[in-house]
Structure formats: C-alpha cells, structure tokens
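Reviewing the structure listed below.
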Amino acid sequence: MEFSEHIKTANVEDVVLQQPLHPPSKGTLCITSHHLLFSDREEDSGRQVLLLLRNIDAVEKRATESSGTLVIKCKDLRVLQLEIPGMEQCLNIAQSIETLSCLACVAEMYPFFYRPSNASLRDQWGLSTPERHYTEMEALHERWRLSTVNQDYSVCPSYPPAVIVPKAIGDDALKMAAKFRQGGRFPVLCYYHRKNGMVILRSSQPLTGANRKRCIQDELLLQAAIEGSDKGYIIDTRSAQQAQQARMMGGGFESKSCYSSWKRLHRHMERGKTLQESLIKLVEACGDKSPNMDRWLSKLENSKWLSHVQTALSTAGLLAECVERDGRSVLVHGSEGTGSTLLISTLAQLIMDPSCRTLEGFLTLLEREFVQAGHPFQQRCSHSAFSHARLQQECPVFLLLLDCVWQLWYQFPLALGFSEALLLRLATEAYSSDYGTFLCNSDMERCALQVKGKTHCLFRVLLKPREREQYTNPLYEPNELAIWPSVHPQSLQLWRGFFLRWTQQTLHLELVQEDIRNMVIEWGKLALS
C-alpha cells in the first residue's frame, strides 16, 4: 500500500489547535503516513504536538462556507479541536485521518517503521519465555514438564509453542484434550505457589455439548494436576445459567460425575459488548460538563464500571484464597479463556506473589499472562470509547485489569514497586504504540509477521535506567505477605488519573504527586549518604 495515495493535502497553514490544559495556538498542520504533526508558529514558542494516527478513535466534522473544524477524539481520551481554513482542505485531512488511523494490515502499522536511535532490532525481545519460566521453578520439575506439543501452533493457535503440563500426561493425550476444549486451549499451568505447592491452571470451556460428551484424556490431565491432593476448585467466570446455555450451543462445563475431584464455583463476570458499553458510558459521564452532582453520580452508577472492577477483584480474591488459605489447586476458565480468565489469574498472582509486585516482575507477569497467553489485543483494543463504528470484538479487558491494579496500588501504597505513571503508560500503549508488544492477537500471528525481529519491545524500554526511575514507586517496601484488596463499595475509587487525566484538577494533583515523589527520592538519597 502506498500511504501517499491517502494524503491529498499534506500541509495546512494557519490552523488553530485547541487541546486540554493548553491555550489555543495557531500553526502548521502536517499529516504523514502514521502521524499528525502540529507546529506552533507563534514567536517564542517551539511547541509541537505529535499524534500517532492509530491513537485517533473518531473524527467529527463541522463545516462553514470558508473553513472547517475537526474534533479529534483519541483512544487515550484526549479531545483535540482543529480549525482549518478552507473547506476542501479540511475534508481532505479528515478523509486521510479516517483511512490511515484504521489500517487493517498489521505490517503497515507504525511499530514496523519506528527506529529509535538508542535501540537496535538485534536487542533482546521480551523479558521471559515459557522455557525460562519453567527453569526458574525447580520445585515443579518432579511432577510437571515443559511440552512443545504446540511448537508449530497446530494444537492451539492462541497458545505459545511451549506450555507447562503434568509429567504423567503425554503429548498425544494433550492433543486429544485440546480437541475437547474451545479453541484448543487445554488446561496448562500458569502459576506455582511456592508456599504450599498448589497451582493455578487455565483453559477454555470443555466442549461437552447437549449430549454431555466427555474426554478421558482431559479428565486424566486434571486428575494428574492435583495428584496427592484430595480436591481442587474450578472457577468458571460465567454464571451457572450461562454455562448451561453454553452447553446447548456446543460448549459446557465439567460435570461432577466425570471430574469428581474438582468442585465447580461460578462467578459471573461481564465480557464483550457489555464491558465495552460500560466503558463508553463512563467516558461519556467523565466528559459531561454539567455541574449537577445528581446527574454525575447517576451517570457514574449507570456505567457500572466500578461494579466490574469490584467483580474482578472479588473473583481474583476468591482464586487467591483457594490457593493461599485453603491450600487447593484451581483451574480457571470462562468460554474462550482469553479474557476474564487471564484477568483474574493475573490479579491473583499479584495478590499472592511478592515477586510479581516489582517493576520487572509486574511487566514479566503481563507478558506471560496476557501477551504470550493469547489475549487478542488487536481485536479487543481496535477502538476505545469514542468510535462511531459498530461494536465488533472490542472489549476493554486489559484496561479493566490496569484499573484493578490501580485499586491495589491505591489501597497498598507501599506494596507495589511501580508507579501509577506506569499503568497510565500501559493503558495508552495497548491502544496505540510505537512498539510491537501489543500487536496481533496471538504468538502465532506475531511469529508469522516477524514482530520480534522487525519491531521494538515496550517492556524492554520501560526497564531502561531513565524509564525505570520514572516508573518506580519510591515508597515501595517489599512485603512477603499476600495483599488482600477490599472490595467494599466505599473502598473502590474512580481511577481519576486515567478517566479524568485531561482535566485541570487532575493536572494539579499530578504536579503535587510529582513534588512528593521528588521529595521522597531526595530523602532516600540523604539517608544513604
């Protein structure tokens, strides 16, 4: 594709830009294959605004006879307004933005063109691999093994090439179990609890169907996972009614008669269109300029976003409680096993495992549980809250995860080794990025497009000295204990840093927080000297 075909007007002079937290300014607007660039032409001002076109969620056009106005709504919730002289130029710019911000071909997206001067494509990509994860957990090796049954992605397209499974189960049995699970996502180990040897497994739903089909290999796999223990738990992130309905459609759940050593617990978590519409309503409420308090509280409540946060934290707490307090291994799944399943397994590990609470540990956790485990970022994050496009597969599961992590960070300000700034950066990068980390829907797709050889890794960049200093929590104190979040309504807060990030009040709060952060760092240096 020639990007130039979609750029009829490349430069426009005397454009007026209005953006949050800044006064209006006049300058030159340029559009390139992947960016909008606004350069302020006023004297004594070298200010530039560089906006990745992929960050644009919607463009609204307002026209007069001699000029036009574009309202640009971004996936990071910024709203910019461009007043462009000349109606034709305005329409040309709008058409270019609409086309270039929605490129369907992943290989044409900016990460494949981004070449920072301080990095090389030969640099190591990623923080960990399934092989390294297995090697680091020596206590596992007696009963668990690393299987490469999926090395060509033929068994499960959304799994990585290597997975951890019970030693007693061979690869042929794994292939049979995969055929019995939606999308081939057979049960695999994602976490080993060093304190008591219990594990967390995750999968997709079994395909029992209306005829109550069974798979002996799947039953043996789960039995081998709890060898030496009298019982395990299955946390199904659907209601019992939803699971029954799924069975009539070819899906299903693990029956008591076939999985007698497992107790099934249903915890209904919203997903898909319902979660996306909740985000849309919340962002609409946060953008409401009305000073009416009742109106604001009503809109906030109607969005149900904080209810989804509460449910996610509550379900993750249940999972952690089963492992940490009850001493039971747990299998987690919903339907596909790529959304709410990954959400609560990630949160539970953050609650229980102190090694996941450092900056590097948290990024490694995200890489393992979302990127490698097959969360379909390309589908789920193609649009944010402003798009006028018909909802398809968008769903803010990753944003919900970050909100839940922020709730933990807010409730336990000393327990997490990273700052709120890191969560804000990740929330932005998931929707539009210079880096290849969140491209594609699976490891198989990233491999086919050679993402690891042709783009740079975000997680590696975040651990470089300059970024590490910015994203580290100076108040962090390592804590070996589990951190149990409160899910009482009074304990949960709107994540103002994200949802109200472009307001004057949040800016003042950020400035104060930065001053406090700098003071703490200085005190720390004085204490060491």
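The values are calculated or read from the model by the stated rules, or taken from the named source; none is laboratory data. As the structure is a prediction and not an experimental result, all values here were calculated from the model. Heads up, the Cβs are rebuilt from the backbone with ideal geometry, glycines too, and the neighbour counts pull from every protein chain shown. In case anyone asks, the SASA skips ligands and DNA or RNA and just uses the protein heavy atoms, side chains included. Shrake-Rupley method; radii C 1.70, N 1.55, O 1.52, S 1.80 Å.
Can you tell me which condition Leu265 does not meet? The list is (1) open to solvent by 60 Å² or more (accessible area, probe 1.4 Å); (2) of a type outside the set (Lys, Arg); (3) touching a Cys at 6+ places or on another chain (Cβ under 9 Å), and all the others hold. Here Leu265 meets the rest and fails (1). Among the residues that make up the range 158-166, is at least one of them of a type in the set (A, V, I, L, M, F, W, C), closer than 26 Å to Leu363 by Cα, open to solvent by less than 60 Å² (accessible area, probe 1.4 Å) and part of a loop (DSSP other than H, G, I, E, B)? So far as the range 158-166 goes, yes, one or more of its residues are of a type in the set (A, V, I, L, M, F, W, C), closer than 26 Å to Leu363 by Cα, open to solvent by less than 60 Å² (accessible area, probe 1.4 Å) and part of a loop (DSSP other than H, G, I, E, B).
Here is a yes/no grid of residues against (1) exposed (fewer than 15 other Cβ atoms within 10 Å of the Cβ); (2) farther than 30 Å from Arg425 by Cβ:
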position: Ser66; (1), (2): yes, yes
position: Cys74; (1), (2): no, no
position: Gln89; (1), (2): no, yes
position: Ala94; (1), (2): no, no
position: Asp123; (1), (2): yes, no
position: Ser128; (1), (2): no, no
position: Val149; (1), (2): no, yes
position: Ala168; (1), (2): no, yes
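Restricting the range 1-58 to residues that are within 34 Å of the chain's Cα centre (by Cα) and among the hydroxyl-bearing types (Ser, Thr, Tyr), which is surrounded by the fewest Cβ atoms within 10 Å (Cβ to Cβ)? That would be Ser4. Looking for something at pLDDT below 95, in a helix (DSSP H, G or I) and open to solvent by less than 10 Å² (accessible area, probe 1.4 Å) - is there at least one such residue anywhere in the range 132-143? Yes: the range 132-143 contains one or more residues that are at pLDDT below 95, in a helix (DSSP H, G or I) and open to solvent by less than 10 Å² (accessible area, probe 1.4 Å). Considering Ser432, Ser442, Ser491, Ser419, the condition of being hydroxyl-bearing (Ser, Thr, Tyr), farther than 23 Å from Ala119 by Cα and touching a strand residue (DSSP E or B) at 6+ places or on another chain (Cβ under 7 Å) is satisfied by Ser419 alone.
Taking (1) open to solvent by 10 Å² or more (accessible area, probe 1.4 Å); (2) on the phi > 0 side of the Ramachandran plot in turn, Glu336 satisfies each apart from (2).
Among the residues making up the range 14-34, those that are without any contact (Cβ under 8 Å) to a residue 24 or more places away in the chain and either touching a helix residue (DSSP H, G or I) at 6+ places or on another chain (Cβ under 8 Å) or closer than 15 Å to Ile84 by Cβ (or both) are Pro24, Ser25, Lys26, Gly27, Thr28, Cys30. Considering only the range 193-209, I want to know if a residue exists there that is modelled with pLDDT under 95, on the phi > 0 side of the Ramachandran plot and touching a helix residue (DSSP H, G or I) at 6+ places or on another chain (Cβ under 8 Å). Within the range 193-209 (the criterion being modelled with pLDDT under 95, on the phi > 0 side of the Ramachandran plot and touching a helix residue (DSSP H, G or I) at 6+ places or on another chain (Cβ under 8 Å)), the answer is yes, since at least one residue qualifies. In the condition set (1) at pLDDT 90 or above; (2) open to solvent by 90 Å² or more (accessible area, probe 1.4 Å); (3) more than 24 Å from Ile344 (Cα to Cα), Pro489 is compliant with all but (3).
Would you say Arg212 is within 22 Å of Arg368 (Cα to Cα), modelled with pLDDT under 95 and open to solvent by 10 Å² or more (accessible area, probe 1.4 Å)?
On the way: within 22 Å of Arg368 (Cα to Cα): no; modelled with pLDDT under 95: yes; open to solvent by 10 Å² or more (accessible area, probe 1.4 Å): yes.
Considered against the rule, which asks whether it is within 22 Å of Arg368 (Cα to Cα), modelled with pLDDT under 95 and open to solvent by 10 Å² or more (accessible area, probe 1.4 Å), Arg212 comes out as no.
Let's see how each residue does on (1) touching a strand residue (DSSP E or B) at 6+ places or on another chain (Cβ under 9 Å); (2) closer than 24 Å to Tyr191 by Cβ; (3) not in a helix (DSSP H, G or I):
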{"site": "Thr208", "(1), (2), (3)": "no, no, yes"}
{"site": "Ser229", "(1), (2), (3)": "no, yes, yes"}
{"site": "Tyr233", "(1), (2), (3)": "yes, yes, yes"}
{"site": "Ala246", "(1), (2), (3)": "no, no, no"}
{"site": "Gly252", "(1), (2), (3)": "yes, no, yes"}
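Taking helices (runs of 4 or more DSSP H) that fall entirely within the range 344-420, which contain at least 2 residues that are modelled with pLDDT of 95 or more and open to solvent by 20 Å² or more (accessible area, probe 1.4 Å)?
Working: elements: 359-366, 377-380, 397-411.
Per the criteria, 359-366, 397-411.
Each residue in the range 247-286 was checked for being out of contact with any Gly (no Cβ under 8 Å at 6 or more places or on another chain), among the charged types (D, E, K, R) and within 27 Å of Leu207 (Cα to Cα), and 6 of them qualify. Of the numbered criteria (1) in a loop (DSSP other than H, G, I, E, B); (2) touching a residue at least 40 places away in the same chain (Cβ under 8 Å); (3) of a type in the set (S, T, N, Q); (4) open to solvent by 10 Å² or more (accessible area, probe 1.4 Å), the one Gln217 fails is (1). What tally of residues in the range 170-189 results from selecting those that are on the phi > 0 side of the Ramachandran plot and open to solvent by less than 10 Å² (accessible area, probe 1.4 Å)? Counting residues in the range 170-189 that are on the phi > 0 side of the Ramachandran plot and open to solvent by less than 10 Å² (accessible area, probe 1.4 Å) gives 1. Taking the condition under 22 Å from Ser384 (Cα atoms) and either of a type in the set (D, E, K, R) or in contact with a strand residue (DSSP E or B) (Cβ under 8 Å, 6 or more places away or on another chain) (or both), does Leu17 pass? No: the conditions fail for Leu17. For Arg496, the conditions (1) closer than 30 Å to Glu284 by Cβ; (2) at pLDDT 95 or above all hold with the exception of (2). Applying the criterion of being of a type in the set (Gly, Ala, Ser) and touching a strand residue (DSSP E or B) at 6+ places or on another chain (Cβ under 8 Å) to the residues of the range 74-127, the residue that is nearest to Cys381 (Cα to Cα) is Ser101.
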